[in-house]
Amino acid sequence: MAPKTPSSLPLYEVKYRKNIISRGIELFILFLLFSLLAYRFLSLKYHGFQWVLALICESWFTFIWILTISTKWSQVEPKTYPLRLLERTSEFPAVDMFVTTADPGLEPPLITVNTVLSLLAVDYPANKLACYVSDDGASIVTYYSLVEASKFAKLWVPFCKKYNISLRAPFRYFSSSSSPPQDSSQEFLQDWKRMKDGYKHLCEKIEDASSQEPETCDFAVFPNLDRKNHPTIIKVIWENKEGLADGLPHLVYISREKRPKHPHHFKAGAMNVLTRVSGVMTNAPFMLNVDCDMYANNPQVVLHAMCYFLGAKDEKDCGFVQFPQYFYDGLKEDPYGNQLRILHEYLGRGISGIQGPFYQGTGCFHRRKVIYGLSPDDKITAGEMKDEYLQKIFGKSEKLSASVAKTLSGGSNIIEQVNSDSLSSSIEIAHQVASCGYDFGTGWGQKLGWLYGTATEDILTGLFIQGRGWRSAYCTPDPPAFLGCTPSGGPAIMIQQKRWATGLFGIIFSSKSPIIGTLFGKLQLRQCMAYLYVQLWALRSIFEVCYAILPAYCLITNSRFLPKANESSMVIPASIFIIYNLYGLSEYVRANEPIEAWLNNQRMWRVNAMTAWLFGILSATTKLLGLSEIAFEVTKKDQDNTNSNFGRFTFDDSPIFVPGTAILLLTLSSLFIGVLDFKKGNLEWGLGEVICIMWVLFIFWPFLKGFFAKGKYGIPISTILKSGALTLLLVHIFKFTDKL
């Protein structure tokens with residue numbers, strides 16, 4: 001590395017928050033939870049089934065709260081100094097950038113194009129960058145869109161760098177700047193209009209191609225192509241042959257080979273193909289991966305990541321750099337509870353203070369040698385660099401083996417760890433390493449690369465990396481490094497939550513479990529607890545559902561699971577409910593989030609737990625028993641937030657909505673039965689159960705409104721009938737158990 005100005009100032013700093021008051025409140029809530037469990041246990045002989053069920057559920061909630069406290073205990077405030085990096089060096093390491101897309105219908109090519117354009121325009125030497133786009137949909141429209149985008153990029157990238165444009169995804173720049181600043185120079189005005197017209201023309205071309213496939217000789221491989229059965233397609237769309245630092249980075253399109261009888265391992269398989277293809281083409285020592293909707297919002301994002309990689313005193317402190325996932329155009333009130341701002345603000349920063357953040361599948365920079373399976377304390381021997389050994393682990397490509405050897409034995413000399421051959425000369429070898437059978441009999445997906453066997457390959461891969469002793473870094477620049485779009489509406493949210501819950505829960509029972517990583521690997525105990533906090537989402541659904549129907553059970557059977565209002569012991573559950581909710585509200589206030597966002601998140605986390613996560617544990621269980629295969633459901637990417645009903649909950653006829661609808665119907669039925677019993681007198685249940693009933697109704701308020709709405713905003717009749725039948729069954733079961 002060539003230093004410009006020696007400097008002793010650090011390239012990054014990590015400070016721990018002084019959250020003494022928060023810790024005190026969390027410990028006091030824990031004390032109250034233990035007090036409630038003690039009260040339950042001591043009074044167990046005086047009560048029936050509902051008391052036992054409450055004790056079991058509250059024991060589980062106490063366990064989850066312990067995991068929460070541990071995870072949030074050491075919150076950090078990281079800060080990077082890219083200007084110091086620029087002062088310190090004039091030579092930077094290369095970075096390979098990966099963009100993944102899988103379905104042009106659910107992930108419109110225009111979204112992918114904007115992400116690619118934002119990456120091509122980042123503030124980093126262009127001759128040190130290469131952008132690889134993986135298209136698992138093998139779409140001619142996606143490829144055509146990238147070809148046209150590369151032409152526009154030759155105008156867009158110089159424009160952004162000439163005028164230091166902060167927003168480098170065109171659709172965001174022109175949506176926020178419908179007209180240029182009034183004090184702009186005449187030259188800027190002319191360039192701005194040229195860019196806007198050029199982007200409008202690009203959008204029209206992509207829109208036309210979506211309705212009628214383009215016909216060009218370069219696209220001959222695409223017509224009549226079966227997306228699940230086709231050969232490898234690799235196209236070098238643009239190559240920076242002159243190696244110009246102020247030019248345009250390489251742009252390569254990849255659609256890996258697919259065959260019906262060969263498992264393709266979903267996104268993990270695509271990432272491993274990207275890693276191998278880039279390994280034989282450019283072999284940069286660092287790799288960035290983003291989802292197709294996650295555009296670069298901060299043009300200095302690569303410099304921020306390099307502050308960690310180049311500023312770490314010990315490499316093992318920075319196996320990968322993770323940027324938090326933030327989203328654009330989300331409503332401030334967060335009606336779907338999926339913007340995750342509070343999750344990042346407290347839990348994300350807390351995890352980062354232990355062994356570093358989880359790998360989140362997007363917005364992450366990796367060391368190539370870490371992805372190649374290297375551990376911090378590994379000593380590379382001459383025998384391990386022999387072709388026979390490398391080809392056994394990494395596959396039979398001699399060129400890939402040579403690039404792997406260069407990466408693993410390169411040490412700290414990361415500037416030299418790149419391939420100098422032209423991209424075009426590596427096409428044939430790239431086809432070989434992108435074939436569907438290349439993984440077979442190697443370490444890919446098992447000992448190196450992105451790991452197979454789960455729908456949440458990101459968490460599993462990050463866990464495997466940290467289990468080998470690597471730490472990760474959490475980078476939170478201002479403005480945020482990446483912004484993406486969240487799914488809108490009930491069905492898309494439920495699909496995403498179910499996939500997360502299914503994959504996360506399955507990891508616990510794998511050989512890469514965080515428990516095994518702590519007992520036999522180098523995963524820290526508190527990091528293990530943090531992983532368990534998210535990996536137990538699916539299992540939490542059972543306790544959430546049981547606790548949600550307890551109030552209804554008590555009103556139907558004229559019993560109680562809480563102390564009477566005039567009993568002193570009522571102070572314990574009442575204090576937990578009030579303090580926990582006020583503390584949760586305070587976290588939102590401190591993060592400058594509105595009260596409505598807190599209410600919506602309270603509601604949606606409970607709804608997700610009792611619907612999507614419930615199906616998640618069913619799906620995970622059938623997979624673990626060998627009754628089903630892994631299914632990876634792509635979430636629809638939607639940019640349309642102009643609808644007047646944007647933010648309103650939507651439904652479809654999926655069975656995933658049956659549990660929530662049934663709980664609501666059961667709660668309403670119990671309320672009706674309770675009113676009848678109230679007129680008769682001699683009630684066992686009291687104010688506590690009534691408040692809980694009201695809380696359940698609040699949680700399922702979107703479902704209640706769905707009974708009276710029409711179209712996609714209404715609950716389908718078939719769902720209501722199924723839920724009604726389940727409700728009747730539960731009422732009869734409750735009545736029957738009461739007689740035992």
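A few remarks follow.
- Test: residue in the range 528-547 that is part of a loop (DSSP other than H, G, I, E, B), more than 17 Å from the chain's Cα centre (by Cα) and either of a type in the set (A, V, I, L, M, F, W, C) or within 30 Å of S669 (Cβ to Cβ) (or both): no
- Of the criteria (1) modelled with pLDDT of 90 or more; (2) open to solvent by 60 Å² or more (accessible area, probe 1.4 Å); (3) polar (S, T, N, Q), which one S424 fails: (1)
- With respect to (1) under 15 Å from F327 (Cα atoms); (2) surrounded by fewer than 22 Cβ atoms within 10 Å (Cβ to Cβ); (3) under 13 Å from the mean Cα position of the chain (by Cα), the lone exception for P480 is condition (3).
- Just one of (1) out of contact with any Phe, Trp or Tyr (no Cβ under 9 Å at 6 or more places or on another chain); (2) surrounded by fewer than 24 Cβ atoms within 10 Å (Cβ to Cβ); (3) part of a helix (DSSP H, G or I) fails for A430. It is (2).
- Enumerated helices (runs of 4 or more DSSP H) restricted to the range 662-740, each holding at least 2 residues that are more than 29 Å from G490 (Cβ to Cβ) and open to solvent by 50 Å² or more (accessible area, probe 1.4 Å): 717-739
- Selection of strands (runs of 3 or more DSSP E) fully inside the range 261-380 by the criterion of at least 2 residues being open to solvent by less than 20 Å² (accessible area, probe 1.4 Å), at pLDDT 95 or above and out of contact with any strand residue (DSSP E or B) (no Cβ under 6 Å at 6 or more places or on another chain) returns nothing.
- Which listed residue is modelled with pLDDT of 95 or more, within 17 Å of Q212 (Cα to Cα), part of a helix (DSSP H, G or I) and not polar (S, T, N, Q), from L117, L110: L110
- Scanning the range 127-144 for residues that are modelled with pLDDT of 95 or more, of a type in the set (A, V, I, L, M) and under 22 Å from F171 (Cβ atoms) gives L129, V133.
- Sole exception among (1) touching a Leu at 6+ places or on another chain (Cβ under 6 Å); (2) small (G, A, S); (3) touching a residue at least 60 places away in the same chain (Cβ under 8 Å) for G462, by number: (1)
- T232 open to solvent by less than 50 Å² (accessible area, probe 1.4 Å), in contact with a Lys or Arg (Cβ under 7 Å, 6 or more places away or on another chain) and among the polar types (S, T, N, Q): yes
- Within the range 118-130, not a single residue is under 13 Å from C203 (Cα atoms), among the polar types (S, T, N, Q), crowded, with 24+ Cβ neighbours inside 10 Å and in contact (Cβ under 8 Å) with a residue 24 or more places away in the chain.
The values are calculated or read from the model by the stated rules, or taken from the named source; none is laboratory data. Treat the numbers as computed from the prediction; the structure is a model and nothing was measured. We place every Cβ from the backbone using ideal geometry, glycine too, and count neighbours over all the protein chains shown. Quick note on the areas: whole protein, heavy atoms, side chains included, nothing else; ligands and nucleic acids left out. Shrake-Rupley method; radii C 1.70, N 1.55, O 1.52, S 1.80 Å.
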